[in-house]
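S.K.: Sharing a structure, written as C-alpha cells. Questions coming.
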Amino acid sequence: MALRTTALGTVAGLIIGIGLASFSPPADSPPPRAALVSDTHGRLAELCIHYRRDFHDHSVDLYTDFISALAPGTIVQVVTKDHSAFEFFRGAMVSALAMSGARLRPVITGFPITPWAKDRFGTMRTEDGEPLIAVPPAADHMTGPRGNDGRVPFVLAQRLSHAATRSLPFFFDGGDLIADDKIAYVAADFLARNQPEDVDNRVALINRIAFALGRHVVTLGRTPHDTPDHHIGMYLTPLGNRTVAVADPDLGRSILNRPPRTQRECGIDIETDESAYEPFRCVITEFEAKGFTVVRIPMLLTTTPRVYVTYNNAILETRDEDKRIYMPVYDLPRLDDAATRIFEAQGWNVIPVRVGKVYQHTGSLRCLVGIIRRG
C-alpha cells in the first residue's frame, strides 16, 4: 500500500529548537475531520510495542502482565529491527498469549529503535471511525535508535491497510497528548516548546491545538515551572466526567510515614527538595480551581530527574460495563495497595503490571505501548 499522509492546518513560526516550519493542507481536498482518541473510553483493539532484545530483561514482566490481560483478538503490532527478535519475543509470550487470546503481528523495520513506542505518535480517529496515526510536522535532528523512532509511524502506515498518518501543526511527543471523551489536557511546558519566546500567541496556539485535536483544550500552568518536568501522562490520568486522577508525591510520602528528611525507602532515593513538589501541588490546585473532581494518587519523587514511582502512567480500557485500568506496580506494597484502593473506589478494575525493572529508565507502562485503534 502506498503511504498515505495528510497535513492539517497552516502554521508558521513554531519553534522546538530545530528551527522554523510551515504547514499547508493538500491542494486537492481538505483532510477529513478527526479527533484525538480518548485515553479513558473504549476497548483496546490494536496496539503497538517496540521490542528490543537488549531491553528484554527490563521489560519482560511488564509485557507478560499486560498482554496476558488483553481481550481475545486484541492485535499487538510488535515493531522490531529483525524477524529473529520478533520470534524470540513471541516465544517469551507463549503463556501470556494463551491466557488472553491476543495476537502478535511482526513489523520489521530493519533499523534499531528504542523501547518507547508511545513517544512518536498520537492516536486519532476520523468521523468515519478510521484510525489516524498523528505525527509531528517535521522530523527532529536525533540520530540512532531515538531518531529512528520517528520513522516507525510511517512504517506502520505502510504495513497497515486501515491506518494513515496525519501531520499535526505543532510539535509533540505522544506522552504530551492525553484526553477523555470531551477534553484534551495540555501542559505549559508543551505549549512553551511550540511558542516563540518573542511572540505572545498562547491563545492562538491553544485554538490551533484544539482544532487539530478535535477536542476542547484545558491547559495546566502559565509557565513550564508550574507543571512537572515530564510528559503529562506521567502525572495525569483523566477518568471522564470532569474527574482527573493526579499524582500527589506528598500523599506518597505520607503513606510511607516518612518525614521529608528521610531519603531512602526500599532502595529508592526519595527527593527531599520541597521545590520539586511545588509543580504537583500547582496542578492539583489548578484543577480544583477549575471545578474538576481531583482524585489524588500517591507517587514518589526520586532524586534522579524524571524517574517517578507513578501509578498515573497507566492504560485505561472499557469493555461494556467493565472499566479496567492496567496500573503500574513497583513491589512497594503500601503504595501499590493504596493506589489500587483509590482507583477501585472510582469504579475501576485494577490490573497490576510490574514495572519495577523499567521505571528507572524514566518511563513506565503507557510509555511502552502505542494505541493504534480503540473499539
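The values are calculated or read from the model by the stated rules, or taken from the named source; none is laboratory data. Note that the structure is a prediction, hence the values are computed from the model and not measured. Every residue, glycine among them, receives a Cβ derived from its backbone with ideal geometry; neighbour counts consider all protein chains shown.
S.K.: Looking at segment 137-150 only, could you name the residues that are surrounded by fewer than 22 Cβ atoms within 10 Å (Cβ to Cβ) and on the phi < 0 side of the Ramachandran plot?
M.R.: Answer for segment 137-150, where residues must be surrounded by fewer than 22 Cβ atoms within 10 Å (Cβ to Cβ) and on the phi < 0 side of the Ramachandran plot: Pro137, Ala138, Ala139, Asp140, His141, Met142, Thr143, Pro145, Arg146, Gly147, Asn148, Gly150.
S.K.: Looking only at segment 217-238, count every residue that is in contact with a Gly (Cβ under 9 Å, 6 or more places away or on another chain) and not in a loop (DSSP other than H, G, I, E, B) and tell me the total.
M.R.: Total meeting the criteria: 3.
S.K.: Let me ask something else about it. Could you list, in sequence order, the residues of segment 53-88 that are surrounded by fewer than 19 Cβ atoms within 10 Å (Cβ to Cβ) and among the charged types (D, E, K, R)?
M.R.: The answer is Arg53, Asp54, Asp57, Asp61, Asp82, Glu87.
S.K.: If you go through segment 359-375 one residue at a time, how many are in a helix (DSSP H, G or I) and within 12 Å of the chain's Cα centre (by Cα)?
M.R.: 3
S.K.: I need the full set of residues from segment 339-358 which are assigned to a loop (DSSP other than H, G, I, E, B) and closer than 25 Å to Pro115 by Cβ, in order please. I'd like the intermediate steps shown before the answer.
M.R.: Going residue by residue through segment 339-358, those that are assigned to a loop (DSSP other than H, G, I, E, B) are 346-348, 355-358.
Val355, Gly356, Lys357, Val358, listed by residue number.
S.K.: Sticking with this one: Which of the residues spanning segment 118-136 are under 19 Å from Ala34 (Cα atoms), among the acidic types (Asp, Glu) and either crowded, with 18+ Cβ neighbours inside 10 Å or out of contact with any Lys or Arg (no Cβ under 7 Å at 6 or more places or on another chain) (or both)?
M.R.: Within segment 118-136, Asp128, Glu130 meet the criteria.
S.K.: Residue pairs, Cβ under 7 Å, 6 or more apart or interchain, first in segment 30-58 and more than 12 Å from Glu317 (Cα to Cα), second crowded, with 21+ Cβ neighbours inside 10 Å and at pLDDT below 95. List them.
M.R.: Pro31/Leu8
S.K.: Out of curiosity, is Arg166 under 23 Å from Ser38 (Cβ atoms), in contact with a strand residue (DSSP E or B) (Cβ under 8 Å, 6 or more places away or on another chain) and modelled with pLDDT of 95 or more?
M.R.: yes
S.K.: So Gly91 passes all but one of these: (1) at pLDDT 95 or above; (2) surrounded by fewer than 17 Cβ atoms within 10 Å (Cβ to Cβ); (3) out of contact with any helix residue (DSSP H, G or I) (no Cβ under 6 Å at 6 or more places or on another chain); (4) not in a helix (DSSP H, G or I). Which condition number does it fail?
M.R.: With (1) at pLDDT 95 or above; (2) surrounded by fewer than 17 Cβ atoms within 10 Å (Cβ to Cβ); (3) out of contact with any helix residue (DSSP H, G or I) (no Cβ under 6 Å at 6 or more places or on another chain); (4) not in a helix (DSSP H, G or I) applied to Gly91, the lone miss is (4).
S.K.: Please go through segment 214-240 and give me each residue that is surrounded by 24 or more Cβ atoms within 10 Å (Cβ to Cβ) and either at pLDDT below 95 or over 18 Å from Tyr277 (Cβ atoms) (or both), ordered by number.
M.R.: The answer is His231, Gly233, Thr237, Pro238.
S.K.: While we're on this one: Can you find a residue in segment 281-297 that is within 22 Å of Ser59 (Cα to Cα) and modelled with pLDDT of 95 or more? I'd like the intermediate steps shown before the answer.
M.R.: Pass one, segment 281-297, residues within 22 Å of Ser59 (Cα to Cα): none.
For segment 281-297, residues within 22 Å of Ser59 (Cα to Cα) and modelled with pLDDT of 95 or more: absent.
S.K.: I'd like the full set of residues that are closer than 21 Å to Ala45 by Cβ and of a type in the set (Ser, Thr, Tyr), limited to segment 308-361.
M.R.: Thr318, Tyr326
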